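Heads up: the structure comes next, in structure tokens.
The values are calculated or read from the model by the stated rules, or taken from the named source; none is laboratory data. All values derive from a computational prediction rather than experimental measurement. Here the Cβ positions follow ideal geometry from the backbone for every residue, glycine too, while neighbour counts run over all protein chains shown.
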Amino acid sequence: MSNLFVVAYEDLATANQVREKMLDLAKQHLVELEDIVVVERREDGKIKLHQAVNYTATGAAGGALWGGVIGLLFLVPLLGAAVGAAAGAAGGAVTDTGINDDFMKELSQNLRPGAAALFVLVKQASPDKVIPQIASFGGQLVQTSLSNEEEEQLRAALKAAKGEAAAQEASNGASEGASKEA
């Protein structure tokens, strides 16, 4: 069963950095993602979803390919590709897998203008390896699909990882200051 995690960040740039980090962790097989979306609340109050996969473009490309192949059979490959691209784009536009768009928009209404949230649907993860790498970005855990007990354990792990990251930065700053004095 997949678990949903929603983390709010002060700005869009930080949310995008965390998404890139999560995608990198997925490449390392430390987390298996089902969906990952950055949701931005613009200064004008509008909500913008930044999907990881553009289904409209993917559908159009696939439709154009198959439409061209079918068009070759009937000796009108350009018409077939055009019709296929249009049909694929239409199909891709209505495809919504993973996290429900309406749910993300509704929950993101609570963000302050200029802030962003990261919605992550995780199939499987190694929390002891993932949490320390994303805790340094900060953020506020808004919602999870975990049980209350598991969510409290996650909050405690995030708090501990943030403390370790802050201590590491402080020791790095102190050692840099000492080397400059020497």
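For the range 108-142, name all the residues that are polar (S, T, N, Q) and loosely packed, with under 15 Cβ neighbours inside 10 Å.
Gln109, Asn110, Gln124, Ser126, Gln140, listed by residue number.
Hey, can you tell me all the residues within the range 148-182 that are farther than 22 Å from Thr14 by Cβ and at pLDDT below 80?
Ser171, Ala174, Ser175, Glu176, Gly177, Ala178, Ser179, Lys180, Glu181, Ala182, listed by residue number.
Give the residues of the range 1-36 that are polar (S, T, N, Q) and either touching a residue at least 24 places away in the same chain (Cβ under 8 Å) or touching a Ser or Thr at 6+ places or on another chain (Cβ under 7 Å) (or both), sorted by residue number. Please lay out each step first, then the result.
Start the filter on the range 1-36 by keeping residues that are polar (S, T, N, Q), which leaves 2-3, 14, 16-17, 28.
Answer for the range 1-36, where residues must be polar (S, T, N, Q) and either touching a residue at least 24 places away in the same chain (Cβ under 8 Å) or touching a Ser or Thr at 6+ places or on another chain (Cβ under 7 Å) (or both): Ser2, Asn3, Thr14, Asn16, Gln17.
Given the conditions (1) surrounded by fewer than 15 Cβ atoms within 10 Å (Cβ to Cβ); (2) at pLDDT 85 or above; (3) small (Gly, Ala, Ser), report the number of the one that Ser145 does not fulfil.
If we test Ser145 against (1) surrounded by fewer than 15 Cβ atoms within 10 Å (Cβ to Cβ); (2) at pLDDT 85 or above; (3) small (Gly, Ala, Ser), just (2) comes out false.
Return the residues of the range 108-143 that are closer than 22 Å to Gln51 by Cβ, of a type in the set (S, T, N, Q) and touching a residue at least 60 places away in the same chain (Cβ under 8 Å); say none if nothing qualifies.
Residues satisfying the conditions are Ser108, Gln109, Gln124, Gln143.
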